[in-house]
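Taking it in order: structure first as structure tokens, then the write-up.
The values are calculated or read from the model by the stated rules, or taken from the named source; none is laboratory data. On a predicted model such as this, the values are computed, not experimentally measured, just so you know. Glycine also receives a Cβ, built like all others from the backbone with ideal geometry; neighbour counts cover every protein chain displayed. These accessible areas exclude ligands, DNA and RNA; they are computed on the full protein's heavy atoms, side chains included. Shrake-Rupley method; radii C 1.70, N 1.55, O 1.52, S 1.80 Å.
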Amino acid sequence: MKIVVPRECHQGERRVALIPDDVERLVRKGIEVAVEASAGSGAGCPDEAYRSVGAEVSTRREHMLAAADLVVGVRSLPAEDLARLRDGCLSIGFLDPFQASGLIEQMRSRGISAISMELIPRSTRAQKMDALSSQASLAGYVAVILAAEALDKIFPMMTTPAGTIFPARVFVLGAGVAGLQAIATAKRLGARVEAYDTRPAVEEQVKSLGARFVKIDLGDTGETRQGYARALSGDQLDRQQEALATVCAQADVVITTAQVFGRQAPRLITAQSLNRMRPGSVVVDLAVERGGNVEGSETDRIVETGGVRIIGLANLPGRVAAHASQVYSSNLFHLIGECLDEGKPRLRLDLNHEVLGPCLVTHQGRILYEGINPSANR
Ligand code: NAD
């Protein structure tokens with residue numbers, strides 16, 4: 001069985017799917033691993049480190065892909081690479097099945113099996129494979145560091161002979177995995193932190209981190225069986241925007257992380273809310289790649305409106321590529337283990353497997369994930 005780790009093609013992507021430590025563990029299982037030259041260089045993993053644990057390192061990308069039983073990536077392979085894979089090959093990565101339906105269709109028609117990391121169930125059993133969580137925590141951390149750097153104030157309180165500096169006020173919207181890490185990081189830096197989420201269940205978690213939970217009465221908001229937030233009605237969103245504007249007006253930093261699984265991100269901060277914020281304050285929009293929580297935020301740009309800086313940088317985990325790759329690689333290692341036939345170095349995909357079943361998007365010429373094709377023949 002041969003696993004191939006190609007260099008990531010997406011512009012600015014520094015993460016690598018497997019780091020040498022995990023390659024070594026796979027090689028010990030009798031699996032061959034081939035890594036494209038310089039695939040790990042952006043994440044602090046030189047070619048030599050892969051060679052030293054028994055991987056083949058090659059510059060012949062086309063040749064490697066054609067020989068792969070399993071191709072692992074952070075993101076999906078581009079169409080020209082998919083065309084090189086063998087019938088029956090398995091491809092794993094953040095495949096973005098909600099937006100990249102063309103690539104998914106190409107995989108289906110070529111007989112490629114595809115596992116989408118976005119669809120790993122958020123269950124205790126799947127925790128070690130939960131790459132959404134491993135990457136989101138890092139994104140939450142990076143968001144606070146970016147905000148602290150951009151803000152014209154310091155985060156902690158300081159009592160000095162020249163007077164008292166009060167702590168910066170940070171407001172985190174969306175207290176999922178990224179939001180909770182943002183709260184914890186801002187608290188560690190000494191900020192006064194408030195947070196809000198539509199899921200009442202997170203109130204306790206927010207409080208346990210020492211932050212204040214902002215309550216807004218929107219009636220029934222609910223959550224899905226997987227624990228994801230439901231999309232709000234138009235009326236609920238209007239009421240929410242109004243109430244959030246008041247809290248934002250007092251904040252020095254607003255970090256937005258609100259997502260609704262598989263859909264456009266909800267718009268939480270309007271231009272009017274931004275107008276009420278103090279010039280010099282900072283907004284970081286973690287949902288920018290899904291349409292953004294903040295009016296006017298732009299992917300991979302920092303825009304300024306009325307003196308408020310809106311940071312819309314994409315791929316925040318990629319800014320800490322060494323650690324992001326370390327935890328992603330660990331997620332993949334455990335996932336690959338679930339794809340092996342009784343631990344032997346050969347693949348066996350069980351459609352009824354409680355982790356693999358839900359995240360297998362294409363298999364044997366069929367689209368299995370209903371989010372892409374409602375008439376899927378599962
Ligand atoms: P996410 O990225 O989908 O969304 C981020 C947060 O935004 C969520 O907390 C959501 O409730 C919130 N949100 C959505 N719409 C909003 C709105 N209009 N206003 C304010 N907030 C809004 O969430 P996630 O971090 O991926 O977590 C999703 C779920 O999975 C959570 O219930 C989490 O606890 C759960 N989870 C479980 C496990 C596990 O059991 N192993 C692991 C990780 C996450």
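Okay, here's what the table says:
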quantity	calculated
Whole-number D in µm² s⁻¹ for segment 151-314, Kirkwood Cα-pair radius fed into Stokes-Einstein, 4 °C, 1.567 mPa s	81
Accessible-area composition of the chain, carbon plus sulfur, in percent [1.4 Å probe]	48
In Hz, Karplus ³J(HN,Hα) per residue of segment 290-297 (6.51, -1.76, 1.60; θ = phi - 60°; x = Gly, Pro)	10, x, x, 8, 10, 4, x, 6
Heavy-atom accessible area per residue - the chain, 1.4 Å, Å²	44
Under the Karplus curve 6.51 cos²θ - 1.76 cosθ + 1.60, θ = phi - 60°, whole-Hz ³J(HN,Hα) for segment 64-77, x wherever Gly or Pro sits	5, 5, 5, 9, 7, 8, 9, 10, 10, x, 7, 10, 5, 6
Interchain or long-range residues, amide H under 5 Å from GLY111's placed H	GLY365
Alpha-carbon spread of segment 63-115, three principal axes, descending order, Å	29, 22, 17
Candidate lysines - alpha carbon under 21 Å from LYS29, same-chain residues fewer than 8 apart omitted	LYS2, LYS128, LYS344
Shape call, the chain: gyration tensor on alpha carbons, a/c limit 1.5	prolate
Antiparallel DSSP beta bridges within the chain, percent to nearest 5	30
Candidates ILE336, ILE19, ILE112: whichever shows maximal mean-square fluctuation once the chain is modelled as a Gaussian network with Cα springs under 10 Å	ILE336
Using θ = phi - 60° and Karplus 6.51 cos²θ - 1.76 cosθ + 1.60, couplings along segment 332-339 (whole Hz; Gly, Pro as x)	5, 4, 5, 5, 4, x, 6, 8
Residues whose placed amide H lies under 5 Å from that of ARG75, excluding near-sequence neighbours	PHE94
Cut-off under 5 Å, modelled amide H: who pairs with VAL35 long-range	VAL5, GLU56, VAL57, SER58
Peptides ranked, highest mean first, by Cβ atoms within 10 Å: ranges 97-103, 277-283	277-283, 97-103
Computed label-point distance, nm, for sites LYS344 and THR246 using a 7 Å Cα→Cβ extension	6.6
Positive-end residue of PRO121, PRO97, MET107, charge dipole of segment 76-191 with Cβ unit charges	PRO121
Set of lysines with alpha-carbon distance to LYS153 below 30 Å, sequence-local pairs under 8 removed	LYS187, LYS207, LYS215
